[in-house]
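Here the structure is laid out as structure tokens; the discussion comes afterwards.
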Amino acid sequence: MKLWGGRFSKQAAKILDEFNASLPFDKKLYLEDIEGSIAHSQMLASQGIITQDEAEKIKKGLLQIKKEIEEGKFHWDISDEDIHMAIEKRLIELIGDTGKKLHTARSRNDQVAVDFRRWVLKRNIEFSEKIKELIEVFIKLAKENTDTIMPGMTHLQHAQPISFAYHMLAYASMFKRDYERFIDSFNRNNKNPLGCAALAGTPHPIDRFKTTKALGFDEPTINCLDSVSDRDFALEILFNIAMLMMHASRISEELVLWSTSEFSFVTLSDEYSTGSSIMPQKKNPDVPELIRGKTGRAYGNLMALLTVMKGLPLAYNKDTQEDKEGVFDSVKNGLISIEILKETLKTMKVNKGNMYKACKKGHLTATDLADYLVKKGIPFREAHHITGKAVALAESKVVDLSDLSIEELKQIDERIDKDLDLCLENSMNSRKSFGGTAPESVKKQIEYFEKFLKEHNDKN
Ligand code: ARG
């Protein structure tokens with residue numbers, strides 16, 4: 001008989017059991033469920049709602065169940081519907097009638113809200129830790145490459161010379177924002193819904209502040225009706241992961257491009273590359289491709305839950321049970337993607353020479369010529385026009401702009417003089433403005449990220 005079977009005269013249809021059950025996936029919440037139940041029963045005892053003796057019996061039974069689950073000895077039965085019922089039923093089997101008192105002043109609605117929320121909160125922290133490790137790799141790559149010149153691009157066309165360090169720090173910036181988002185979500189959602197009961201609170205003299213403290217929350221949630229139907233914490237982590245994956249996908253796309261024979265800016269290590277089953281010569285960038293691919297799933301999971309939630313009247317509705325699988329999927333794929341991205345970056349070879357060679361195509365220092373003319377008092381628009389003519393001359397001679405002689409340039413505009421130096425180093429080193437690509441500017445950025453990491457590692 002179901003724990004809720006009192007008003008029913010027939011057994012549920014077998015197909016209903018399968019359709020209705022969340023047990024196959026919410027098993028994952030067993031630890032949060034047991035911890036929540038221990039905190040709840042201890043609070044019930046300290047409020048005199050059950051006896052201390054009963055609370056101890058309940059705790060012992062719950063710890064026994066935890067052991068059974070962890071040792072693979074727990075008997076899972078889909079007709080128990082979910083992890084909450086499975087554990088409660090086993091508790092009653094183990095300790096008898098006292099087990100039936102555990103659910104006093106509680107409902108599965110606040111129970112699932114507290115379990116799932118705590119599971120998600122822990123994952124926010126796990127992501128933030130992983131992201132810091134990834135940022136460390138970007139900093140290391142940056143430190144090794146402040147003088148490594150590569151073509152900076154817009155529209156995937158050569159634009160201006162930048163350092164590879166600078167490019168890596170662009171990603172450090174993105175992932176730092178991701179880190180902050182996971183921490184923000186943790187702080188905003190670290191509130192306790194336990195004790196909200198079905199939707200309206202409870203007539204029992206419970207103390208929600210006690211379970212709040214026991215479970216490590218900052219405070220109890222303020223409105224029970226909201227608390228049992230709120231899944232913002234789940235949506236937030238789904239969004240955080242979607243955004244994180246979008247950033248991971250962008251660097252992945254670059255790794256795919258950079259590891260082609262056309263670019264050859266990096267060589268991915270054998271450890272993190274795969275072969276082709278038919279073409280023996282191939283080494284494929286499956287890791288970044290998979291990260292790029294999994295990003296689609298992360299977006300899908302976010303959209304799915306937003307859609308589940310959008311039409312729900314207050315308070316709990318069974319639709320909400322659909323909140324878990326997408327979150328579990330995004331968390332699993334997000335964590336492994338960040339881990340493997342980190343290793344791929346750590347082990348790849350940076351082909352500095354090829355990056356430099358690539359800068360010799362595409363007239364990367366054209367803006368420098370225009371800026372030079374501006375310094376001579378020529379309005380920027382006019383300087384732009386003159387530079388355009390110089391580029392056309394270089395194109396007609398099939399050389400790079402930086403290879404034209406001063407004499408050749410003088411024929412275009414006589415104000416061009418010997419003090420002009422269009423080499424790549426000059427161009428990059430001159431962009432010293434705050435946040436720019438010059439090595440001295442990049443060193444400040446490295447210091448900024450190192451300080452950030454130090455502060456945030458010290459906090460733990
Ligand atoms: N398995 C359910 C879920 O994940 C637990 C809450 C069930 N509550 C209820 N009133 N049926 O949402």
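Please list, ordered by first then second residue, the pairs with beta carbon atoms under 6 Å, 6 or more apart or interchain, first in segment 66-83 and surrounded by fewer than 16 Cβ atoms within 10 Å (Cβ to Cβ), second part of a helix (DSSP H, G or I).
Partner pairs satisfying both residue conditions: 78/17; 78/23.
Quick test of your reading of the structure: residue 223 fulfils all but one of (1) of a type in the set (S, T, N, Q); (2) surrounded by fewer than 22 Cβ atoms within 10 Å (Cβ to Cβ); (3) touching a Pro at 6+ places or on another chain (Cβ under 9 Å). Name the failing condition by number.
Only one criterion is unmet by residue 223, namely (3).
Residue-by-condition table, conditions (1) at pLDDT 95 or above; (2) of a type in the set (Asp, Glu); (3) over 30 Å from residue 139 (Cα atoms); (4) surrounded by 15 or more Cβ atoms within 10 Å (Cβ to Cβ):
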site: 421; (1), (2), (3), (4): no, yes, yes, no
site: 424; (1), (2), (3), (4): no, no, no, yes
site: 435; (1), (2), (3), (4): yes, no, no, no
site: 447; (1), (2), (3), (4): yes, yes, no, no
site: 457; (1), (2), (3), (4): no, no, no, no
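Just one of (1) exposed (fewer than 15 other Cβ atoms within 10 Å of the Cβ); (2) under 13 Å from residue 161 (Cβ atoms); (3) touching an Asp or Glu at 6+ places or on another chain (Cβ under 9 Å) trips up residue 406, so point out which.
That leaves (2) as the condition not met.
Please state which of the following conditions residue 9 fails to meet, knowing it meets all the rest: (1) closer than 21 Å to residue 79 by Cβ; (2) within 16 Å of the ligand (Cβ to nearest atom); (3) among the small types (Gly, Ala, Ser).
It fails just one condition, (2).
Within segment 419-456, track down each residue that is assigned to a loop (DSSP other than H, G, I, E, B) and basic (Lys, Arg).
Selection gives 431, 432.
Quick check: is even one residue across segment 16-38 farther than 27 Å from residue 122 by Cβ and either among the basic types (Lys, Arg) or without any contact (Cβ under 8 Å) to a residue 24 or more places away in the chain (or both)?
Yes, because at least one residue in segment 16-38 is farther than 27 Å from residue 122 by Cβ and either among the basic types (Lys, Arg) or without any contact (Cβ under 8 Å) to a residue 24 or more places away in the chain (or both).
Among the candidates 252, 261, 276, single out the residue that is more than 25 Å from residue 185 (Cα to Cα), in contact (Cβ under 8 Å) with a residue 40 or more places away in the chain and not aliphatic (A, V, I, L, M).
252
Out of curiosity, is residue 195 under 22 Å from residue 122 (Cβ atoms) and either out of contact with any Leu (no Cβ under 7 Å at 6 or more places or on another chain) or within 16 Å of the ligand (Cβ to nearest atom) (or both)?
Yes; evaluated as a whole, the condition is true for this residue.
Might you check whether a residue that is touching a residue at least 24 places away in the same chain (Cβ under 8 Å) and part of a loop (DSSP other than H, G, I, E, B) occurs anywhere in segment 375-390?
Checked segment 375-390: at least one residue is touching a residue at least 24 places away in the same chain (Cβ under 8 Å) and part of a loop (DSSP other than H, G, I, E, B).
Can you name every residue in segment 395-418 that is assigned to a helix (DSSP H, G or I) and basic (Lys, Arg)?
Once the filter is applied, which keeps residues that are assigned to a helix (DSSP H, G or I) and basic (Lys, Arg), segment 395-418 yields only 410.
From the set of residues in segment 315-334 that are more than 13 Å from the ligand (Cβ to nearest atom) and not small (Gly, Ala, Ser), which is nearest to residue 122 (Cα to Cα)?
331
Looking at 345, 302, 312 in this structure, which one is under 30 Å from the mean Cα position of the chain (by Cα), within 16 Å of the ligand (Cβ to nearest atom) and hydrophobic (A, V, I, L, M, F, W, C)?
That would be 312, the only listed residue that is under 30 Å from the mean Cα position of the chain (by Cα), within 16 Å of the ligand (Cβ to nearest atom) and hydrophobic (A, V, I, L, M, F, W, C).
Please list, ordered by residue number, the helices (runs of 4 or more DSSP H) wholly in segment 47-157 having 1 or more residues that are of a type outside the set (Ser, Thr, Tyr), more than 33 Å from the chain's Cα centre (by Cα) and within 16 Å of the ligand (Cβ to nearest atom).
83-95
Among the residues of segment 18-42 satisfying the criterion of being within 27 Å of the chain's Cα centre (by Cα) and surrounded by fewer than 18 Cβ atoms within 10 Å (Cβ to Cβ), which is nearest to residue 323 (Cα to Cα)?
Per the stated criteria, the residue is 25.
Listed here are the residues, each with its yes/no results for (1) more than 16 Å from the ligand (Cβ to nearest atom); (2) over 30 Å from residue 441 (Cβ atoms); (3) hydrophobic (A, V, I, L, M, F, W, C).
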| site | (1), (2), (3) |
| --- | --- |
| 188 | yes, yes, no |
| 220 | yes, yes, no |
| 231 | no, yes, no |
| 241 | yes, yes, yes |
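Residues in segment 215-267 that are assigned to a loop (DSSP other than H, G, I, E, B) and farther than 30 Å from residue 33 by Cβ: how many?
7
Do any residues in segment 439-457 that are closer than 19 Å to residue 174 by Cβ have Cβ atoms under 6 Å from those of residues that are among the aromatic types (Phe, Trp, Tyr), where the two are at least six apart or on different chains, and which pairs are they?
442/166
The values are calculated or read from the model by the stated rules, or taken from the named source; none is laboratory data. For clarity, every value in this text was computed on a predicted model and none was experimentally measured. Counting neighbours? That spans all protein chains shown, and the Cβs are built from the backbone with ideal geometry, glycine included.
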